[in-house]
Amino acid sequence: MAIKDYIRERFFPHMWCAGCGHGIVLNGLLRAIEQIGISKNDIVMVSGIGCSSRISGYVDFHTLHTLHGRALAFATGVKMSRPELKLIVPMGDGDALAIGGNHFIHAARRNIDMTAIVMNNRIYGMTGGQYSPLSGYGTSATTAPYSNIDHTFDVVNLSVAAGASFVARTTAYHVMQMISVLKQAILHKGFSVVEILTQCPTYFGRKNKLGGAVEMMEYFKNNTTSVGSKAKQENPELIERGVFVRKEIPEYCSEYEKIIQRATIG
Amino acid sequence: MGKPKLKEHIINREWCKGCGICVHFCPKNVLELDENDKAVAVIPEECICCRLCELRCPDLAIEVITEPSEVSESSEVSETSEV
Ligand SMILES: Cc1ncc(C[n+]2csc(CCOP(=O)(O)OP(=O)(O)O)c2C)c(N)n1
Ligand code: SF4
Ligand code: SF4
Ligand code: SF4
């Protein structure tokens, strides 16, 4: 199927600003799904609230647009009742790791089979550029006009520590890698996290004088490197991209099914 | 598998927001923004059909059509991770 068959064309052009990286995530995700060849009816996309979360309105899967920070909780309910469906949960960095942080670590710890995509633009886009837990020390935001003193989470380290069985990072510039890691994450049985660094030229870019979408993507190109590369040893400031963790451990819904079997016999 | 040959770029002018991402990152400088800030292919004969413009467009507004038939999906080269 062509990727146009996976979208709700009637809602285009979409609401994201010119050059918003969220659109590139949508683009890459559609390619990944098309290449895997999953039927639209076997996918459920669950999102919360934010510019990023608006993605669920544009795809022609089963979709649930829920509450800010609660996408993983709703997705857990769907997956527990219909474990045969593929769950994809795109979230903003605020959605996933500020208000939704607790849901995030516990979904990872349970290893429930779903793909969490953190569309990390380091700011609250939808509400006007407030800082998020991913903005980082020294950045500017509408709520940090004299510079932010909060340190950032490292989404990869956090996900690994919380127990996610597949963890990857890429950027809106690295589209081939984005498609590749999304495919791997979707096919992995367990809780998969894909962090995608994405540009919000309207708020993060403007507040931090980073230029427009093109310059922000140049930044991703020039300030990241493949995980374990020699470049990282030479320049520890570089952000690593690639697959960090992939392990097979018991999956939550499968284990729950065994409990049902045991209880029914007993 | 032979080299893909360009048939045309289909650019959806209703969806294109003129962000310039496709223009800036095209390895062959095939694309430009016109006076209405919409992407256009100015030197299509230089296009190597890498499809990076199509894959990086945040608005799903540009499509690279090759002939005679669709070539292998771009994912084949994806493992390099440089893009
Ligand atoms: C319970 C609740 N609290 C606060 C809000 C207001 N709100 C809407 S979106 C948002 C944050 C958006 O930032 P992020 O999740 O990073 O997504 P982005 O818009 O940057 O893609 C907030 C605080 C809300 N809708 N619901
Ligand atoms: S405000 Fe930022 S995140 Fe929201 S659509 Fe615009 S560029 Fe994208
Ligand atoms: S990347 Fe897409 S939206 Fe941006 S200028 Fe090119 S065709 Fe238009
Ligand atoms: S397919 Fe590649 S070479 Fe051709 S216009 Fe697009 S980015 Fe440029």
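Values in this text are rule-based calculations from the coordinates and carry no lab data. Keep in mind it's a predicted model, so treat the numbers as computed, not measured. Cβ atoms come from the backbone with ideal geometry, glycine included; neighbour counts cover every protein chain shown.
If I model a spin label at A:Glu240 and A:Leu67 as a point 7 Å from the Cα along the Cα→Cβ vector, what separation in nanometres do I get? Output for this residue pair reads 3.7 nm. Modelled label positions at B:Glu82 and B:Lys28, each set 7 Å beyond Cα in the direction of Cβ, lie 1.8 nm from each other. Inter-label distance, A:Ser39 to A:Arg109: 3.7 nm, where each label sits 7 Å from its Cα along the C-beta direction. What the Cβ-Cβ distance of A:Gln261 and A:Asp154 gives, at R0 = 45 Å and to the nearest 0.05, is a FRET efficiency of 0.70.
Amide H contacts of A:Glu195: A:Val118, A:Ala168, A:Arg169, A:Thr170, each under 5 Å away and 5 or more positions distant or on a separate chain (H built 1.01 Å from N in the peptide plane; Pro and chain starts excluded). If both residues of a DSSP beta bridge must be in the range A:52-160, then about 40% of such bridges are antiparallel. Can you tell me the FRET efficiency between A:Glu84 and A:Glu248 if r is taken as the Cβ-Cβ distance and R0 is 25 Å, rounded to the nearest 0.05? With a Förster radius of 25 Å, E is 0.80. Ordering A:Ile260, A:Pro13, A:Ile149 by Cα displacement along the dipole of the protein assembly as shown toward the positive end leaves A:Ile260 in first place; charges were set at the Cβ atoms of Lys, Arg (+1) and Asp, Glu (-1). One chain, two ends: B:Lys3 and B:Ile43. Fully extended at 0.36 nm per residue, the span grows by 12.6 nm beyond their Cα-Cα distance. Summarised as an ellipsoid, the range B:5-74 has semi-axes of 19, 12, 11 Å, derived from the eigenvalues of the Cα gyration tensor scaled by 5 and square-rooted, with the largest first. For A:Phe12, the amide hydrogen comes within under 5 Å of no other amide hydrogen, counting only partners 5 or more places away or on other chains and with H modelled in the peptide plane. Stretched out straight at 0.36 nm per residue, the stretch from A:Lys4 to A:Asn223 would grow longer than its current Cα-Cα span by 75.6 nm. Under a model in which nothing but the beta-carbon of Lys, Arg (+1) and Asp, Glu (-1) is charged, the protein assembly as shown shows a dipole of about 880 debye around its Cα centre. Working from the Cα coordinates of the protein assembly as shown, the gyration tensor eigenvalues give, after taking √(5λ), semi-axes of 32, 25, 19 Å in decreasing order.
Simple rule: put +1 on each Lys or Arg Cβ and -1 on each Asp or Glu Cβ in chain A, find the dipole, and look at A:Phe191, A:Ala161, A:His65; the Cα lying farthest toward the positive end is A:His65.
Long-range amide H contacts for A:His62: which residues qualify at under 5 Å (H placed 1.01 Å from N, peptide plane, sequence gap of 5 or more or a different chain)? So A:His62 has HN proximity to A:Ile43, A:Met45. Each other residue within a Cβ distance under 11 Å of A:Ser47 adds +1 if Lys or Arg and -1 if Asp or Glu, for a net charge of +1.
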